[in-house]
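Chemist: Here's a structure for you.
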Amino acid sequence: MLYRFVSRFIIIGMMWLGLVLLKWGGNKDQLLWQALIFTALILMGSFAEEILHYQGDPYVLPVVQAILALGLVFLVRISPNEALHQFWWANIGQLIFYAILFAVRDYRHLGKFRYLWGLLAVSLLFVTLVFGFAAGGATSWLRIGGIGVEPEEFVKLALLLFMATYLEENEELLRVGTVQVGKFSLPDWRTLGPFLIMAVFSLGLLGAQKSLGTALVFYALFVLMIYVVTERALYLGISLPIFLLVGSAGYLLFRHVRVRVLVWLNPWQDPTGMGYQIAQSLFAISGGKILGTGLGNGIGASMVPASSTDFIFSVIAEELGFAGAMAVLALFLIVVMRAFSISLRAKDRFGQILAAGIGILLGTETLIILAGVTKLLPLTGIPLPWVSYGGSSILVHFILLGVLLNISNATAVGAKRNKTRGREYAT
């Protein structure tokens, strides 16, 4: 209990210290109210955990809230108007998180709708392709009631649930195989068909939308989840040539992919044109050195394009330095590692696979995004979870967090119940 409240007060103090050091802009009063609501929700959530006897992982939520608070401070630094909207989404996201954590009685019921999740994922992508509008070269947005929504964020959730249910049901057949091809034993079409159909449809629709960053995340999710469950390196070996083949096709078919690859290879050929974005990102990161320029003192917030979304990590690295950037990476690493820890302790196979999938998704997203802004990979244009500006991303990642900690809580409650039952039998 003491850790729970102390950690929340540290997070709140960190956020308010950052806000005090910054200029709030013209909407200071509105930001102040949203920050107060955010603070109240964190504290009330802590009391709710105590009153409702939450027994799951005690570290994941405070770490995520620390990441979120840091992101909100830097959004206030970059764009107070966008920060105001982000506070709204963060507050709504926390409410959704606690609703899932305490209202979902048994997460295993989510596994009863395998094909419904798959159909939902494909339908959302198809509707976006037909009725969506383009932003950043990709048709990945829908306008609903005047609000821009990114359906592919919700597709992540649907695909994850589909994969968890599919892999739970077909684990043994995928691991052992039923058809002999040379030296290798592979699953038959009846077993592998739903997986391949879902992968081809979802990745194909994302390719048609030119949303190749999200396609890369989904592909990694498909491959890594099937590998983690089956422990067969064969699937990794098969996935590599497919990735190279599809990547080459994307390079030849889409001009904006060729531009991103050329900029990735050498942004200094046109540092004021096509290479401007990544060049400014690298300047900002290098300017931070070890301890940074100080909050509010960097130039990346105004010089780096898309600094509130794709390149917010560059601003963080500049103003907090290498030390601050590594601290952010460490926080994400803690979340991913705790997700795998929850997976190992889960009381049923569906919970194990689902928790591992959430860890894989978060780790893959973070790695791809940060590799893009540091020029280790071509730019992908996907948001950094809980940090980048974007309501759809905030809500979906809070839903995933709620499911993850629901699994953790159910595991802890079940273990305690079994222990108590064992003592009764001994008595």
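The values are calculated or read from the model by the stated rules, or taken from the named source; none is laboratory data. Values in this document were obtained by computation on a predicted structure and should not be read as measured data. As a convention, Cβ positions derive from the backbone with ideal geometry for all residues, glycine included, and neighbour counts pool all protein chains shown. Note: areas computed on protein heavy atoms with side chains; ligands, DNA, RNA excluded. Shrake-Rupley method; radii C 1.70, N 1.55, O 1.52, S 1.80 Å.
Chemist: Find all pairs meeting these conditions: Cβ atoms under 9 angstrom apart; at least six residues apart or on different chains; first residue within the range 322-336 and more than 14 Å from residue 65 (Cα to Cα) and touching a residue at least 24 places away in the same chain (Cβ under 8 Å); second residue of a type outside the set (D, E, K, R) and surrounded by fewer than 19 Cβ atoms within 10 Å (Cβ to Cβ).
Modeler: That search, which allows pairs on different chains as well, returns 322/290; 322/291; 323/290; 323/291; 324/291.
Chemist: While we're here: Output the residues belonging to the range 242-294 that are of a type in the set (S, T, N, Q), in a helix (DSSP H, G or I) and touching a residue at least 24 places away in the same chain (Cβ under 8 Å).
Modeler: Quick first cut of the range 242-294, residues of a type in the set (S, T, N, Q) only: 248, 266, 269, 272, 277, 280-281, 286, 293.
Checking the rest, the ones that are also in a helix (DSSP H, G or I) come to 248, 269, 277, 280-281, 286.
Those that are of a type in the set (S, T, N, Q), in a helix (DSSP H, G or I) and touching a residue at least 24 places away in the same chain (Cβ under 8 Å): 277, 280, 281.
Chemist: I'd like the full set of residues that are buried (at least 24 other Cβ atoms within 10 Å of the Cβ) and aliphatic (A, V, I, L, M), limited to the range 79-100.
Modeler: Matches in the range 79-100: 83, 90.
Chemist: OK, next. Quick one: would you say residue 74 is part of a helix (DSSP H, G or I), out of contact with any helix residue (DSSP H, G or I) (no Cβ under 8 Å at 6 or more places or on another chain) and among the hydrophobic types (A, V, I, L, M, F, W, C)?
Modeler: For residue 74, the condition - part of a helix (DSSP H, G or I), out of contact with any helix residue (DSSP H, G or I) (no Cβ under 8 Å at 6 or more places or on another chain) and among the hydrophobic types (A, V, I, L, M, F, W, C) - is not met.
Chemist: For the range 130-180, which positions are open to solvent by less than 70 Å² (accessible area, probe 1.4 Å), modelled with pLDDT under 85 and either assigned to a helix (DSSP H, G or I) or polar (S, T, N, Q) (or both)?
Modeler: 139, 140
Chemist: I would also like to ask the following. Restricting to the range 295-322, give me the number of residues that are open to solvent by less than 50 Å² (accessible area, probe 1.4 Å), over 19 Å from residue 81 (Cβ atoms) and assigned to a helix (DSSP H, G or I).
Modeler: Selection size over the range 295-322: 7.
Chemist: Under the condition of being in contact with a Leu (Cβ under 6 Å, 6 or more places away or on another chain) and not hydroxyl-bearing (Ser, Thr, Tyr), which residue from the range 185-217 is most open to solvent (accessible area, probe 1.4 Å)?
Modeler: 208
Chemist: State all residues of the range 105-125 that are exposed (fewer than 15 other Cβ atoms within 10 Å of the Cβ) and either aromatic (Phe, Trp, Tyr) or outside any helix (DSSP H, G or I) (or both); if no residue qualifies, say none.
Modeler: 105, 106, 115
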